[in-house]
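S.K.: Please find one structure pasted underneath; my questions will follow.
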Amino acid sequence: MAKFAGGEVAFVGVIACMSLCASPRVDATITCLNVTNWLTPCISYGAMGGSVPMECCTGIHELNAAYKTTEDVRKACSCFQNGAAMSPGVDYDRLNELPGKCSSNYPYRVSPDTDCSKVGFALSAQSSKYLI
Ligand SMILES: *[C@@H]1O[C@H](CO)[C@@H](O)[C@H](O)[C@H]1NC(C)=O
């Protein structure tokens, strides 16, 4: 009888942890849709040059502010890479100029050759939060 009650307490503890312990991770996830929304205004510059739309810089800043984990950086990297690959005539050198033009950084170089599974945060002289 006492043994059974003890098991029940442990079981309730597991259930409580399943709802409480897991919740802090849920709100910090960047989706591909987020990345698309933030960076779509940047594609016209990537394809044609000209002036950088303000929405593009805003998007880059919001994306950088949204990175919480290495997984976020990797996911955004592959979303950006896929998005760029589907944008005809996009010039990767121009895409990589954008953070500088927006007074910001990407935590990785956008290129068809970038291995997004290996990118992540790295410290740099310019920024302690995000960089190449
Ligand atoms: C990503 O987009 C969803 C749906 O539009 C939004 O609710 C969420 O806040 C966005 N994530 C971030 C980190 O802004």
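Here's the yes/no breakdown for (1) on the phi > 0 side of the Ramachandran plot; (2) not aliphatic (A, V, I, L, M); (3) not in a loop (DSSP other than H, G, I, E, B):
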| site | (1), (2), (3) |
| --- | --- |
| Thr29 | no, yes, no |
| Asn37 | no, yes, yes |
| Ser44 | no, yes, yes |
| Ala47 | no, no, yes |
| Cys56 | no, yes, yes |
| Glu62 | no, yes, yes |
| Arg74 | no, yes, yes |
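S.K.: Would you mind telling me which numbered condition in (1) within 16 Å of the ligand (Cβ to nearest atom); (2) buried (at least 18 other Cβ atoms within 10 Å of the Cβ); (3) modelled with pLDDT of 90 or more Pro107 fails?
M.R.: All conditions pass for Pro107, except number (3).
Results for (1) touching a strand residue (DSSP E or B) at 6+ places or on another chain (Cβ under 8 Å); (2) farther than 20 Å from Ile30 by Cα; (3) of a type in the set (D, E, K, R), shown as yes or no for each residue.
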position: Gly49; (1), (2), (3): no, yes, no
position: Pro53; (1), (2), (3): no, yes, no
position: Gly59; (1), (2), (3): no, no, no
position: Tyr67; (1), (2), (3): no, no, no
position: Asp72; (1), (2), (3): no, no, yes
position: Ala76; (1), (2), (3): no, no, no
position: Cys79; (1), (2), (3): no, no, no
position: Glu97; (1), (2), (3): no, yes, yes
position: Val110; (1), (2), (3): no, no, no
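S.K.: Testing Arg74 on (1) basic (Lys, Arg); (2) within 16 Å of the ligand (Cβ to nearest atom); (3) exposed (fewer than 15 other Cβ atoms within 10 Å of the Cβ), one condition comes back false. Which one is that?
M.R.: Just one mismatch for Arg74, condition (3).
The values are calculated or read from the model by the stated rules, or taken from the named source; none is laboratory data. Not measured: the values here are computed from a predicted model. Note: ideal-geometry Cβ built from the backbone for every residue, glycine included; neighbour counts use all protein chains shown.
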